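Before any comments, here is the structure.
The values are calculated or read from the model by the stated rules, or taken from the named source; none is laboratory data. This is a predicted model, so every value here is computed, not measured. Glycine also receives a Cβ, built like all others from the backbone with ideal geometry; neighbour counts cover every protein chain displayed. Ligands, DNA and RNA are excluded from the accessible area calculation, which covers all protein heavy atoms including side chains. Shrake-Rupley method; radii C 1.70, N 1.55, O 1.52, S 1.80 Å.
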Amino acid sequence: MNPTRILSAAAAVNQTPLDWLGNQRRILQVLDQAKEQNIQVVCLPELCLTGYGCEDAFFYPETWEQAWQSLQEIIPHTHQMVVTLGMPLSYQHKLYNAVAVVADRRLVGFVCKQHLPNYGVFYEDRWFHRWPAGVRAEIERDGISYPIGDLSFLVGHIHLGLEICEDAWVPNRPGKALYERGIDLILNPSASPFTFDKFRTRERLVQDASRTFGCGYVYTNLLGNEAGRLIFDGDAMIASSGELLASSTRFSYADFTLTTAWIDVEVNRSFQTWVKSPVTPTQNTIKLDFEWNEVPPVPQKPEQDAFEKSEWIKEEEFTRAVALGLFDYLRKSKSKGFTLSLSGGADSSACAALVAYMVLLAEESIGIQDLKNKLGYISDIQSLEKPSEILFHLLQTVYQRTVNSSDTTENSARSLAESLGAQFHSITIDGLVDQYTQLIESQIGRKLTWETDDLALQNIQARVRAPSIWLFTNLSGHLLLATSNRSEVAVGYCTMDGDTAGSISPIAGIDKHWLRHWLKWAETTGTEVKGRRIQLPGLQFVNQLAPTAELRPLEQNQTDEADLMPYACLQSLENWGIKNRKSPIGCYQMALASGLPYTPEQWQSWIPRFFRLWSRNQWKRERYAPGFHLDNHNLDPRSWCRFPILSGGFEKELQDFEDFLNGKKSIQRPRIGF
């Protein structure tokens, strides 16, 4: 009698592009653990052999060949298991995003992705071709012919099929055709980057698919900061007939997680008999001999991580995503820590806080010994036993004072560093600033003054800070943290080669308005670690300050929002004008309906300022340090928002806006379609 229950697993793995030995080792560790647990089906992530973020290295024939070699070395380790392994595959001089299906040490075929995402952070159409639905072909490798294309597999008496990531997110998804073939189990190997609250959408997607198609559904994902910009939360789950059976822990610091569940095939088949729909005969089902072992079921119930039940879910996700992103960036770059120019303001303080949370959450996730093992190349931390001691070696902060700096911000920086346990240095750079200004004054024959040279005098202070902080960084073998937030990235409110200097920009993906809220949350509420909330009371000083660059004389009381506009308005204009592509007139209408406590006259001033600053500062956005993708919008020109460096600067649109305000122009809706 054929067993009716299948023990399936979704393996989330922390891979690195082109790390052939490391990627293979982690996959083999997954398979070893699966054997110990008598798991019968293992779904590994999309492109797990190469890494998802190989970019144009996908074009290299060596990449395809190394992936094929890795596959051959993994196949012997699949005894009595069905395993899916994602890889690029060249067929008839075209490259496909494919999944190799292996059954009990036999390579039985390749399923190719049919729908390629080519929006936002995704660029798959650049590298891969789309496989047409319903088409089966043969590919020959090493003298052996394998089926390739839109396939399903009758493995013994169990019918398996695949949807590869984006395939499941489109209306005409492969799951419908698989259902018409009488599918028992759909596997979905994915590479789905983290964005806020996306885990709920994935959960609905998986549950609805299992209900709609009357089958088991196994969804897996990558884990960690794979290639630098994208963070994968390791979200993996298993559902059957609309019921969620198992869900993974997210933001793990482990090399992999394995999420398992029993799927009762007979229950699903019974469900399918209720639905009166045609069965589609197909020549695309590969029939295989396979012995399924009968293993008794055990009670199973999906468990959410404690932080996922919190009312502070966005704050928790931000903390955990950026902390994990920083940890993987640190270890994969083989750097020995982070150096930070800590001004005492919101942005640099947030960066320091996130590094502190990185250490705490790593220790919570994998324990202090595995934390040190993952950073085994940093000899200074190997004898340490407390997270606070490790943080001291991993985070170096420097306050760089000028005559325009206040005691308040220095005290804020010092107090925060000391409360976190980070290294703290304070230096004065007035002499360096004076040398530069005097050098230029001697050449142009006049004194530089705040009345005539305001911007230049501000910028030279910020730029003088860069060589000093880079020297600290290089002496320590560290990464330099840049401190730009997304609101300031939008309008270029920064000094290029000054405060933009850095190796990685951890908060470039979040707006300043919400970041200030997060800092207050981190001070008073904090993230949940080991069943208790960890607050950072050292943030109390920065949370009492109005954001300021402190580049003008103190008596001028410089603040960022006076230089620009309120951060809530700046974030709103970025959302309306850039994400939603509204014109200046459209932004004004949204502003008046927004309920924000500002007058029409204020909006009339801020809207032109925003669009002019946006258009003239694209060259800065091209040069910012890499940042993390955190939500469904981003200003990084390499991963989301492309805009010309030179443009018309919205001059016509802003003239239309002025005419509209003066009653000279009515609103004309753009024509969409014909």
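Side notes on the structure shown:
- Annotation: amide H-H contacts under 5 Å for PHE424 (H modelled 1.01 Å from N, sequence separation of 5 or more, or interchain): THR397.
- Cβ-Cβ FRET estimate between LEU554 and ARG581, R0 fixed at 45 Å, reported to 0.05: 0.65
- Efficiency of FRET between LYS664 and GLU138 - r from beta-carbon atoms, R0 51 angstrom, step 0.05: 0.15
- Close amide H contacts of TYR96 (hydrogens built in the peptide plane, cut-off under 5 Å, sequence separation of 5 or more or a different chain): LEU89, SER90, TYR91, HIS129.
- Around the amide H of ARG5, modelled in the peptide plane, lie the amide H atoms of VAL265, all under 5 Å away and 5 or more residues distant in sequence or on another chain.
- Per residue, the chain exposes 42 Å² of accessible surface when a 1.4 Å probe is rolled over the protein heavy atoms with every protein chain present.
- With contacts taken as Cα pairs under 8 Å at a separation of at least 6 residues, the chain carries a relative contact order of 11 percent.
- Magnitude of the charge dipole, segment 67-206, Cβ model with Lys/Arg +1 and Asp/Glu -1, debye to 20: 220
- For the chain, the carbon plus sulfur part of the accessible surface works out to 51%, probe radius 1.4 Å.
- Options THR285, ALA191, GLY345, ranked by Cα towards positive dipole end of the chain, top entry (Cβ charges): THR285
- Ranked by the mean number of other Cβ atoms within 10 Å of their residues, highest first, the peptides 287-297, 68-78, 193-203, 621-631 fall in the order 621-631, 193-203, 68-78, 287-297.
- Segment 430-438 - phi-based ³J(HN,Hα) in whole Hz, Karplus 6.51/-1.76/1.60, Gly and Pro as x: 4, x, 5, 4, 4, 4, 5, 5, 5
- Taking the average, over residues, of other Cβ atoms within 10 Å as the packing measure, peptides 527-535, 309-317, 510-518 rank 510-518, 309-317, 527-535 from highest down.
- Relative to the longest principal axis of the Cα atoms of the chain, helix 313-332 runs at roughly 90 degrees.
- Sites HIS517 and ASP370, calculated FRET efficiency, Cβ-Cβ separation with R0 35 Å, nearest 0.05: 0.60
- Angle of helix 346-374 to the longest C-alpha principal axis of the chain, folded into 0 to 90 degrees and rounded to 10: 40°.
- With the helix formula -39500 (n - 2.57) applied to DSSP H stretches of n ≥ 4, the chain reaches a computed 222 nm mean residue ellipticity of -11500 deg cm²/dmol.
- Computed on protein heavy atoms with a 1.4 Å probe, the accessible areas place TYR436, TYR91 in the order TYR436, TYR91, largest first.
- The relative contact order of segment 427-584, computed from alpha carbon pairs under 8 Å that lie at least 6 residues apart in sequence, is 16 percent.
- Subtracting the Cα-Cα distance of GLU561 and ILE427 from their residue separation scaled by 0.36 nm leaves 45.5 nm.
- Our estimate of slack between ARG105 and ASP407, defined as 0.36 nm per intervening residue step minus the Cα-Cα distance, is 101.9 nm.
- Mean Cβ neighbour count within 10 Å, used as a protection proxy, ranking 359-366, 299-306 highest first: 359-366, 299-306
- Across segment 231-366, the mean sequence separation of Cα contacts (distance under 8 Å, 6 or more residues apart), normalised by length, yields a relative contact order of 26 percent.
- Note on segment 127-198: antiparallel DSSP beta bridges, both residues inside, total approximately 75 percent of the bridges counted.
- Positive end of the dipole of the chain (Cβ unit charges, origin at the Cα centre): among PHE318, PHE122, TYR624, the Cα lying farthest that way belongs to PHE122.
- Under Karplus coefficients 6.51, -1.76 and 1.60, residue-wise ³J(HN,Hα) of segment 58-63 in Hz, glycine/proline x: 4, 6, 6, x, 4, 5
- ³J(HN,Hα) computed for each position of segment 172-178 - Karplus, 6.51 cos²θ - 1.76 cosθ + 1.60, integer Hz, glycine/proline x: 8, 7, x, x, 5, 5, 5
- Leading residue at positive end of dipole, the chain (Cβ point charges), from TYR96, ASN23, ILE366: TYR96
- Note on ARG25 and GLU385: the extension gain reaches 126.8 nm, defined as 0.36 nm multiplied by sequence separation minus the Cα-Cα distance.
- A DSSP coil position with no more than 15 other Cβ atoms inside 10 Å describes the following trypsin sites (Lys or Arg not before Pro) in segment 45-128: ARG105.
- Once the Cα atoms are used to define both axes, helix 651-661 deviates from the longest principal axis of the chain by about 80 degrees.
- Charge dipole magnitude, Cβ of K and R +1, D and E -1 - the chain, Cα centre, debye nearest 20: 1100
- A simple count of charges around GLN66, restricted to other residues whose Cβ falls under 11 Å of its Cβ and scoring Lys, Arg +1 and Asp, Glu -1, yields -4.
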